[in-house]
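Trainee: Please find one structure pasted underneath; my questions will follow.
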Amino acid sequence: MPLTFAEKILAKKAQLPKTVPGQIVEITPDVVLSHDNTAPIYGLFQRMGGVKVYNPDMHAVILDHATPAPSTKHAENHRVIREFVKEQGITNFYDIGKGICHQILVESGLALPGEVILGSDSHTPHAGVMGAFAAGIGRTEMASIWAIGQIWLRVPESMKITVNGTLPIGVTSKDLALYIIGELKADGALYMSVEWHGEAIGALPLSQRATLTNLMAEMGAKNSYISPDQLTFNYLKDRARRDFEAIYPDENARYAVEMEYDAGTIEPMIACPHTVDNVKPLSEVKGTPIDQAFLGTCTNGRLDDLAAAAEVLEGKKIAPGKRMIVIPASEAVYLAALQAGYLETFLKAGAVIESPGCGPCMGNHMGVPAVGEVSISTANRNFRGRMGTKESEVYLASPAVVAASAVAGEIQHPKDI
Amino acid sequence: MANIQGRVWKYGDSINTDVIFPGKFTYTVSDPKEMPQYALEDLDPKFAGGVQPQDVIVGGRNWGCGSSREQAVVCLSEAKVGAIIAKSFARIYYRNCLNNALPAIVCPEAVEAIQNGETININLKEGKIICAAGEFNFPPLPEAVMEIFNAGGLIEYTKKRLEAEE
């Protein structure tokens, strides 16, 4: 029987010949990811009677949500986590400033084809960019995996999204993802495994593919998968932490939903307040005044995102009275952007550059908006209150549009500044 | 646990975890006992002060979408909310409910019929909701999950499994 990616990998992990959607399987994941929530998970682990974790090498612990610590309380949280990893012998630990957890999993060769990654973070599907089965889970079930090494998973239905053609110049995978989320809505892939197929996907660099798998969390997906190809294998060459075996969906696998899109028809898109599926073409939103522009996050804080913004900002200035915040997704991105001269461009344009991490994305620190202010951001969420106050609005867009809007002081297309 | 009787707090579609439990508190409020006071803060400021044990939340499609933060479930389970009935749940939220032994019931017909503020009855064992508009049935939990639910949540379940291994 031909199987989808999800059916195939969960069968393999559960040591079954096949699985069907709706089936419950018990598996041991290859990687478990936790971030600043590692300390509260440790508390739950102890309440379960846990002393030593099931397998310290399974863990990836990455501090990113509020780093460097904005308050004593946050700092105490980090301190507990540092003690925890030391005490448990966890070596895959990334302290403040190394980068955002999803970016680090990929960069450090921990996100591998054919492996199962579970993270106590809703954007864990990001790692599906490398051909892994990656899904977000809650804190208590994370603690339970730490203790017993196992978790129940429901085999998801699968959605096949085929994207043909070529994205027009200036249109990114962010626009493609927002367009599809706008069409299928926030629950369009609820509980499903979203597989990306088609020549337009294969033509994307890995960083832009990651924007797609990352954003599928906003369509309710359990995981999102892109077939590993030569680009993936080249990237992993001196990076993969261990040998791996890629898993591909079968040719005639049965999908609950199949969608087809033509990349050539996609234009720059904006997710408007206060939901990610409230998507409009940039042409309809142009001219909306903004107070702050934010370039960064796991969705769009990589080198080519910074490059696209730097190209727009070269020789220009942020509009008077407006602000722009830039946060590279990792230390490696930061260094590469420094060497490429992008950071100089940002500084000369009047932007503020901050250390790698999630920053103001979920309202923790480093540039949260004031009451009544409007932000345009490259992030993945714009829910009411997301950036700190419910009395503010957040628009989501691609890096070039965010940069152009910072220069114009209003939402603007890069060609019109 | 089999029977729940409570007043209904009814909300709409796509209620996300940022409005159920604001992200800015995720690393500053760590004691579960303190969480109910922030429940639904950005959605319904009257909820935290007015909720009574066994009250039932009724939501539309995709209840609990967004961040995986479990506080968005714990702030309700600690407030002794009896159950959440929705047209559909975001999957991590759904899992978090079961792991905290908070009944998460998918029943679109009941959601349409139930009025805000009315008192309803839920029989978990029989999979039945009784409200002013009539009676509605919902499918029981999968067996594998029922075990966790019956243990009183995943903490107790894992505790027992760890003890059994020793």
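Trainee: Dimensions of chain A along principal axes (Cα, Å, largest first)?
Mentor: Largest to smallest, the principal-axis extents are 60, 52, 40 Å.
Trainee: Using the Cα centre as the reference, give the magnitude of the dipole from point charges on the C-beta atoms of segment A:145-205 (Lys, Arg: +1; Asp, Glu: -1; all else neutral), rounded to the nearest 20 debye.
Mentor: Details: 4 positive and 6 negative charges, 26 e Å.
Using Cβ point charges on Lys, Arg, Asp and Glu, segment A:145-205 gives about 120 debye.
Trainee: Among A:40-46, A:129-135, A:266-272, how do they line up from the highest to the lowest mean number of other beta-carbon atoms within 10 Å?
Mentor: Details: A:40-46: 21.0, A:129-135: 29.4, A:266-272: 23.6.
Averaged packing, sorted descending, gives the order A:129-135, A:266-272, A:40-46.
Trainee: Would you please give the FRET efficiency between A:Leu347 and B:Glu109, computed as 1/(1 + (r/R0)^6) with r the Cβ-Cβ distance and R0 = 51 Å, to the nearest 0.05?
Mentor: Numbers: r = 58 Å, r/R0 = 1.15.
With R0 = 51 Å, the Cβ-Cβ based efficiency is 0.30.
Trainee: Can you list residues whose amide H is under 5 Å from B:Ala83's amide H, if they're 5+ apart or on another chain and H is modeled 1.01 Å from N?
Mentor: B:Ile57
Trainee: Okay, moving on. What share of Cα pairs, in percent, lie more than 25 angstrom apart in chain B? Intermediate results must be reported in sequence, preceding the final value.
Mentor: Working: 3718 of 13695 pairs.
Counting pairs separated by more than 25 Å, the tail of P(r) holds 27 percent.
Trainee: Report the semi-axes of the equivalent ellipsoid for segment A:1-102 in whole Å, largest first, where each axis is √(5λ) for an eigenvalue λ of the Cα gyration tensor.
Mentor: Semi-axes (√(5λ), whole Å): 33, 16, 12.
Trainee: Picking from A:Leu231, A:Leu338, A:Ser34, whose Cα lies most toward the positive end of the charge dipole for the protein assembly as shown (charges on Cβ: Lys, Arg +1; Asp, Glu -1)?
Mentor: Checking the options against the dipole of the protein assembly as shown, the answer is A:Ser34.
Trainee: How high is the relative contact order of chain A? Use alpha-carbon pairs under 8 Å, at least six apart in sequence, and give a whole percent.
Mentor: Working: 1028 pairs, mean separation 73.3, N = 417.
Reported as a whole number, the value is 18 percent.
Trainee: So who's got an amide H within less than 5 Å of the one on B:Lys128, skipping anything under 5 residues away but keeping other chains? H placed 1.01 Å off N, in plane.
Mentor: B:Asn123, B:Phe138
Trainee: Mind checking A:23-29 for the average number of partner chain beta-carbons within 10 Å of each residue's beta-carbon?
Mentor: On the way: counts 2, 4, 1, 1, 0, 0, 0.
Whole-number average of other-chain Cβ neighbours for A:23-29 is 1.
Trainee: Continuing with this model, one more query. Please go through segment B:40-71 and write out the trypsin sites (Lys or Arg not before Pro) that DSSP classes as loop and that have at most 15 other C-beta atoms within 10 Å. Present the calculation step by step, with values, prior to reporting the outcome.
Mentor: Details: sites: B:Lys46, B:Arg61, B:Arg69; in loops: B:Lys46, B:Arg61, B:Arg69.
Within segment B:40-71, the qualifying trypsin sites (Lys or Arg not before Pro) (loop, at most 15 other Cβ atoms within 10 Å) are B:Lys46.
Trainee: Please compute the modelled spin-label separation between B:Ala151 and B:Glu126, points set 7 Å along Cα→Cβ, answer in nm with one decimal.
Mentor: 3.0
Trainee: For peptide A:357-363, what's the mean number of Cβ atoms from other chains within 10 Å of each residue's Cβ?
Mentor: 2
Trainee: In peptide B:60-73, what is the residue-averaged number of other protein chain Cβ atoms found within 10 Å of each Cβ? Mind showing how you got there, number by number?
Mentor: Details: counts 1, 5, 8, 1, 0, 13, 11, 9, 14, 7, 11, 3, 1, 3.
Per residue, the number of nearby Cβ atoms from other chains is 6 on average.
Trainee: Right, here's the next one. What size of dipole, in debye to the nearest 20, comes out for segment A:5-262 about its Cα centre when the only charges are +1 on Lys and Arg C-beta atoms and -1 on Asp and Glu C-beta atoms?
Mentor: Values: 23 positive and 30 negative charges, 153 e Å.
Around 740 debye, computed over segment A:5-262.
Trainee: Per DSSP helix of 4 or more residues, -39500 (n - 2.57); summed, then divided by the residues of chain A. What does that give at 222 nm, rounded to the nearest 500? Mind showing how you got there, number by number?
Mentor: Values: 15 runs with 133 residues, N = 417.
Computed mean residue ellipticity for chain A: -9000 deg cm²/dmol.
Trainee: Run the numbers on chain B and let me know its relative contact order in percent, using alpha-carbon pairs under 8 Å that are six or more apart. The partial results should precede the final answer.
Mentor: Details: 329 pairs, mean separation 39.5, N = 166.
Averaging sequence separation for qualifying contacts and normalising by length gives 24 percent for chain B.
Trainee: Under a crude label model (7 Å from the Cα following the beta-carbon direction), how far is A:Lys280 from A:Asp416 in nanometres?
Mentor: 1.2
Trainee: With a point put 7 Å past each Cα toward its Cβ, work out how far A:Val80 is from A:Ala246 in nm, to one decimal.
Mentor: According to this spin-label approximation, the distance is 4.2 nm.
Trainee: Could you run the Karplus curve 6.51 cos²θ - 1.76 cosθ + 1.60 with θ = phi - 60° over segment B:55-68 and give me ³J(HN,Hα) per residue in whole Hz, x for Gly and Pro?
Mentor: Once θ is set to phi - 60°, the couplings for segment B:55-68 become 4, 10, 9, 10, x, x, 7, 6, 4, x, 6, x, 3, 7 Hz.
Trainee: Let me ask another. Please list the non-local residues whose amide H lies under 5 Å from the amide H of A:Ala379, H modeled 1.01 Å from N, same-chain partners needing a gap of 5 or more.
Mentor: Result for A:Ala379 returns A:Ala397.
Trainee: Rank-order A:213-226, A:95-108, B:114-127 by packing density, defined as the average count of other C-beta atoms within 10 Å over each peptide's residues, highest first.
Mentor: Details: A:213-226: 28.5, A:95-108: 24.4, B:114-127: 15.4.
Top of the packing list down: A:213-226, A:95-108, B:114-127.
Trainee: Percent relative contact order of segment A:271-416, based on C-alpha pairs within less than 8 angstrom and at least six residues apart? Display every interim value, and only then the final one.
Mentor: Numbers: 347 pairs, mean separation 51.6, N = 146.
Averaging sequence separation for qualifying contacts and normalising by length gives 35 percent for segment A:271-416.
Trainee: Follow-up. Report the Cα centroid-to-centroid distance between segment A:231-261 and segment A:65-88 in angstrom, as an integer.
Mentor: Between the Cα centres of segment A:231-261 and segment A:65-88 lies a distance of 35 Å.
Trainee: Related question: Just B:Glu112, B:Glu143, B:Glu34 to compare: in a GNM of chain B, with alpha carbon springs under 10 Å, which one fluctuates most?
Mentor: Top of the fluctuation ranking is B:Glu143.
Trainee: Round to the nearest 0.05 the FRET efficiency obtained for A:Glu199 and A:Asn55 when R0 = 51 Å and r is the Cβ-Cβ distance. Spell out each step's value before the answer.
Mentor: Working: r = 40 Å, r/R0 = 0.78.
Taking R0 as 51 Å, the efficiency between A:Glu199 and A:Asn55 is 0.80.
Trainee: Just order A:254-261, A:374-381 by mean Cβ neighbour count inside 10 Å, highest at the front, would you?
Mentor: Top to bottom by mean Cβ count within 10 Å: A:374-381, A:254-261.
Trainee: With only Lys, Arg, Asp and Glu charged, each at its Cβ (+1 for the first two, -1 for the last two), find how big the charge dipole of segment A:304-417 is about the Cα centre; round to the nearest 20 debye. Please list the in-between numbers first.
Mentor: Details: 10 positive and 12 negative charges, 60 e Å.
With only Lys, Arg, Asp and Glu charged at Cβ, the dipole is about 280 debye.
Any read-out appearing in this document is the output of simple, stated calculations on the displayed coordinates, not a laboratory observation. Predicted model, so just to flag it, every value in this text is computed and none were measured. Glycine gets a Cβ as well: all are built from the backbone with ideal geometry, and neighbour counts include every protein chain shown.
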